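This report refers to the structure that appears directly beneath it.
Read-outs: derived from the displayed coordinates by stated rules, not from any lab. Not measured: the values here are computed from a predicted model. Positions of Cβ are generated from backbone atoms using ideal geometry, with glycine treated the same way; all protein chains shown enter the neighbour counts.
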Amino acid sequence: MTKQKGITASKDNDFSEWYTQVIQKADLIEYTDVSGCYILKPRAYAIWEKLQEFFNKELKKRNIKNAYFPLLIPEHLLMKEKEHVKGFSPEVAWVTHSGDTKLAERLAVRPTSETIMYDAYAKWIRSHNDLPLKLNQWCNVVRWEFKNPVPFLRSREFLWQEGHTVFATKKEAEIEVYDILSVYKRIFEELYAVPVIEGTKSVKEKFAGADFTTSVETFLPSGKAIQGATSHHLGQNFSKAFDITFLDKDSNKQYAWQNSWGITTRSIGIMIMMHSDDKGLVLPPRVAPTQIVIVPIVFEDSKKNVLNKVKEIAKQLKSLNVEIDDRDNYSPGWKFNEWEMKGIPIRIEIGPKDVSKNQAVLVRRDTGEEKIVKISEIKTIAPKMLDDIQKNLFNKAKKFMDSNIVEVENFKDFVKAIKDKKMVKAQWCNNPVCEEKIKDKMGGAKSLNIPFVQLKISGKCVCCDEKAKVVALFAKSY
């Protein structure tokens, strides 16, 4: 029998190799023959299901309904909104043939669904009574044009949800943009235990075809920032392109106001990079497919007693996701290492000596701390321990992110902070030309977002002589 080796690369010294080993050895990803397309194994997909469960509840509270639209988009639809297609054209994969027969019109493999959804919306919306129209879909998308794919973070095919909503007024639409972004913040902070910063994207970094884009951003131990999710106000750009109009209460024809918003399986990669260590994956309890694993330590003469006690413990914990590892072809030590690698938040160890003392050993994945607990108390202590692990992971990540934000007042310090792999907070003119200069001078560093919480602004832009208009975050990013 081939035994799985542990992680052989260090997170601090070889982040890329470390990450590659973690996602494979923790049984999350399988590579395929198509670059940038990966198999999400059950343990990875179960994390995505946790996010879906949380988000679907939030959608229902807002009367947003799930639907599904086609994967293939006719070329004439994709070309309807000029800024939108300009932003996506390099990434579009095209279907050109059916068998050996060339199609009369190329079909785009969905890079995002605005165009096919809004063609339908134009047919469905006639009156102010048809609004608001609020739909979401869970689906896959394909975006082809990039180098160096990274599983979860940058893949050619990925899973996401995309919400597309239509309103009679600009005010209604803008309120929703910020509301949905607050839900994304909760997903990262409450489920993934990853702190994020909410803000507005620069003009250069906003979604193609949007009036403005909001985002949640975080900073990872690799020394790079990453965008977690986005919520866009599309204004009337698409409603004018697709003729999405309605008659208002006075029977006047009006163009609708629209939003789109989404979060992807990239969020799983963000969580992995933030929390995991040189022993393997570390999972926050709220998204862990298995929250507790019970490992019996058995000998032939005491096996029955130990396994009976294991079943008793599992029954106590039936409200949690518990797995029993009673495989007899692996040693307890090998099992301990495997479950550590797979990131299970709590491991319960119990052998014949523990049974005789009516106790078990609880081991935390986040700290490695061991605690001897009376079996009758496990049902009370384990849930509290899971909550504490969740909080500890968030607090540790928040401390890390905050300690890596450097506030600078001049370009010399800006350059140093970027070279030191920090997230930079600086006063900025918010000019796309200036942003391009920063990107060129800093070898790819760009604006992340303009935080909603703004400090007092005075003086000049950190990069040019123009007057500063905002405080923005900058970093090299994925």
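Students often get this wrong, so check it: of Lys5/Lys41; Lys204/Lys279; Lys60/Lys476; Lys41/Lys309; Lys353/Lys379; Lys439/Lys467, which have C-alpha atoms separated by over 30 Å?
Lys204/Lys279; Lys60/Lys476; Lys41/Lys309
I'd like to compare 68-76, 262-270: which one has the highest average count of other Cβ atoms within 10 Å, and what's the full order after that?
262-270, 68-76
Rounded to the nearest 0.05, what FRET efficiency do Gln454 and Lys379 give with R0 = 51 Å and r taken as the Cβ-Cβ distance? Could you check?
The value I calculate is 0.60.
In sequence order, what are the phi-derived ³J(HN,Hα) couplings for the range 28-33 according to the Karplus relation 6.51 cos²θ - 1.76 cosθ + 1.60 with θ = phi - 60°, rounded to whole Hz, with x for glycine and proline?
Using θ = phi - 60°, the values come out as 9, 10, 10, 6, 10, 7 Hz.
Please report how far the C-alpha centroid of the range 242-296 lies from that of the range 387-432, rounded to the nearest whole angstrom.
The range 242-296 and the range 387-432 have Cα centres separated by 23 Å.
So what does the Cα-only Debye profile of the range 290-385 read at q = 0.15 Å⁻¹, as log10 I(q)/I(0), no solvent term?
-0.51
Could you pull the Cα extents of the range 388-443 along its three principal axes, largest to smallest, in whole Å?
So the three principal-axis extents are 47, 20, 20 Å.
Out of the trypsin sites (Lys or Arg not before Pro) in the range 439-468, which ones are loop residues according to DSSP with at most 10 other C-beta atoms within 10 Å? Don't skip to the end; give the middle numbers.
Numbers: sites: Lys439, Lys441, Lys446, Lys456, Lys460, Lys467; in loops: Lys456.
Taking the range 439-468 and a limit of 10 other Cβ atoms within 10 Å, the loop trypsin sites (Lys or Arg not before Pro) found are Lys456.
Given the Cα atoms of the chain, and with Rh set as the inverse mean 1/r over their pairs in the Kirkwood sense, what is Rg to Rh to two decimals? Working shown, then result.
On the way: Rg = 25.4 Å, Rh = 24.8 Å.
We get a ratio of 1.03 for the chain.
For every other residue with a beta carbon closer than 15 angstrom to the beta carbon of Thr165, add +1 if it is Lys or Arg and -1 if Asp or Glu, then tell me the sum. Write down the numbers at each step before the final one.
Values: positive: Lys60, Lys61, Arg62, Lys65, Lys134, Lys170, Lys171; negative: Glu58, Glu114, Asp130, Glu162, Glu172, Glu174, Glu176, Asp179, Asp211.
Surrounding charge for Thr165 is -2.
Tell me, Kirkwood radius of the range 405-475 from alpha-carbon pair distances, in Å?
Kirkwood radius, the range 405-475: 11.7 Å.
Which residues' amide hydrogens lie under 5 Å from the amide hydrogen of Ile297, considering only partners 5 or more residues apart or on another chain, with H built in the peptide plane?
It is Ile350, Gly351, by chain and number.
Can you tell me the Rg and the Dmax, both Å, for the Cα atoms in the range 15-275?
Taking only Cα atoms of the range 15-275, I get Rg and Dmax of 19.0, 63 Å.
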